[in-house]
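**Q** My structure is below; once you've seen it, I'll send some questions.
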């Protein structure tokens, strides 16, 4: 490779591997961008509907929104122990989450 002579088999193999790795990363980035663009609007709409329902419920029943959110978080933690929650700070389908999903799909499909 460094000698400047004809292409040795090892050098060609390394170049093929690097190109393949680059193509896979590009494919995953593209897949993550598409998946995130498709899923994000539905997630945001569901969050808006949830916030509206929570606001209406707390107003109708005279309950503090903060107290209700704490109760729901405690209930969720106790009953589900799940990673998906009512946390409004971090969206579930941001680009990094979509990239992780695409990586999982790419690495588990095939022989």
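Values in this text are rule-based calculations from the coordinates and carry no lab data. Remember, predicted model here, so these are calculated numbers, not experimental data. Reconstructed Cβ throughout: ideal geometry from the backbone, glycine too, with neighbour counts over all protein chains shown.
**Q** Taking 35 Å as R0, compute the FRET efficiency from the Cβ-Cβ separation of residue 21 and residue 46 and round it to 0.05.
**A** Values: r = 36 Å, r/R0 = 1.04.
So, using R0 = 35 Å, E works out to roughly 0.45.
**Q** May I ask you to list the residues of the stretch 22-42 whose amide nitrogen lies under 13 Å from a point 7 Å from Cα along the Cα→beta-carbon direction of residue 95?
**A** Zone members listed by number: 29-37.
**Q** Extension gain residue 34-residue 106, at 0.36 nm per residue separation less the Cα-Cα distance, in nm? Don't jump to the answer; show the numbers that get you there.
**A** Numbers: separation 72, 0.36 × 72 = 25.92 nm, distance 1.46 nm.
Full extension from residue 34 to residue 106 adds 24.5 nm.
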